[in-house]
Amino acid sequence: PRSTLFPYTTLFRSRCIRSAFRQVNAGSGPLFDEIDAAASWLAGLDTCTGKIGIVGFCMGGGFALLAAPRPAFSAASVNYGAPVPKDARTVLEGACPVVASYAGKDRISRTDLPRLEQALTDLNVPHDVKVYPEATHAFLNEYEGANGVIAKVLGMRYNPDAAADAWRRILDFFSDHLSTPA
């Protein structure tokens with residue numbers, strides 16, 4: 001019965017999420033291996049131009065940022081990602097161009113943005129980092145049903161104006177950095 005399995009699925013999810021956070025904090029692990037495998041698979045497609053982008057949201061934004069220096073990627077989109085590493089300049093050495101969208105009311109990462117911007121500038125990495133002052137974490141997500149209720153309880157709100165601008169910036173940035181063959 002569902003009631004007997006629920007504690008185990010919750011425990012599994014909790015362990016999975018903790019493992020993912022450990023990997024994003026370390027910048028390595030099985031999830032990065034999966035990212036590399038996906039990039040290799042894409043590169044092998046006949047329809048691939050030789051340029052690959054990576055997009056991440058929330059914890060995935062942290063993965064996208066840390067994957068930006070990997071040779072497989074030609075552009076990265078980081079959206080309200082995990083905290084920026086303290087040694088961002090070292091970690092982001094050799095990074096591909098980065099477009100990043102953050103929320104001004106996001107307690108997770110808003111204080112890290114000057115460090116991110118400075119590291120990308122110091123490394124001469126083309127970048128577009130923008131903070132949406134009135135947006136909250138997950139402002140690009142349109143939640144429905146139970147997920148919508150949970151998001152509201154956690155203080156996360158879809159912001160249509162910020163989302164539209166962020167998507168425009170992401171698509172323009174990717175068009176500029178991914179549209180021509182490598």
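Of note:
- Any hit, the range 69-77, residues being touching a His at 6+ places or on another chain (Cβ under 7 Å), surrounded by fewer than 24 Cβ atoms within 10 Å (Cβ to Cβ) and outside any strand (DSSP E or B): yes
- Residue in the range 76-86 that is hydrophobic (A, V, I, L, M, F, W, C), out of contact with any Pro (no Cβ under 9 Å at 6 or more places or on another chain) and farther than 26 Å from MET156 by Cα present: no
- Per-region count, the range 23-53, residues assigned to a helix (DSSP H, G or I) and at pLDDT 75 or above: 14
- Count of the range 104-116 residues which are surrounded by fewer than 17 Cβ atoms within 10 Å (Cβ to Cβ) and in a loop (DSSP other than H, G, I, E, B): 2
So that you can scan it fast, the table gives a plain yes or no per residue for (1) closer than 23 Å to ARG107 by Cα; (2) assigned to a helix (DSSP H, G or I); (3) modelled with pLDDT under 95; (4) open to solvent by 30 Å² or more (accessible area, probe 1.4 Å):
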{"position": "GLN118", "(1), (2), (3), (4)": "yes, yes, no, yes"}
{"position": "ASN124", "(1), (2), (3), (4)": "no, no, no, yes"}
{"position": "GLU142", "(1), (2), (3), (4)": "yes, no, yes, yes"}
{"position": "ASP172", "(1), (2), (3), (4)": "no, yes, no, yes"}
{"position": "SER175", "(1), (2), (3), (4)": "no, yes, no, yes"}
{"position": "THR180", "(1), (2), (3), (4)": "no, no, yes, yes"}
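- Any hit, the range 9-20, residues being at negative phi and either at pLDDT 95 or above or surrounded by 15 or more Cβ atoms within 10 Å (Cβ to Cβ) (or both): yes
- Every listed requirement among (1) within 21 Å of ASP165 (Cα to Cα); (2) open to solvent by 70 Å² or more (accessible area, probe 1.4 Å); (3) not β-branched (Val, Ile, Thr) is met by ASP87 save one, (1).
- GLU134 modelled with pLDDT of 90 or more, open to solvent by 70 Å² or more (accessible area, probe 1.4 Å) and either in contact with a helix residue (DSSP H, G or I) (Cβ under 9 Å, 6 or more places away or on another chain) or aromatic (Phe, Trp, Tyr) (or both): yes
- Of the criteria (1) loosely packed, with under 13 Cβ neighbours inside 10 Å; (2) without any contact (Cβ under 8 Å) to a residue 40 or more places away in the chain, which one GLY81 fails: (1)
- The lone exception for SER101 - which of (1) surrounded by fewer than 16 Cβ atoms within 10 Å (Cβ to Cβ); (2) part of a strand (DSSP E or B) it fails: (1)
- In the range 54-68, the residue that is nearest to THR111 (Cα to Cα) out of those that are part of a strand (DSSP E or B) and touching a residue at least 40 places away in the same chain (Cβ under 8 Å) is PHE57.
The values are calculated or read from the model by the stated rules, or taken from the named source; none is laboratory data. All values reported here derive from a predicted model rather than from experimental measurement. So basically every Cβ, Gly included, is an ideal-geometry build from the backbone, and we count neighbours across all protein chains shown. Surface accessibility is based on the protein's heavy atoms, side chains included, excluding ligands, DNA and RNA. Shrake-Rupley method; radii C 1.70, N 1.55, O 1.52, S 1.80 Å.
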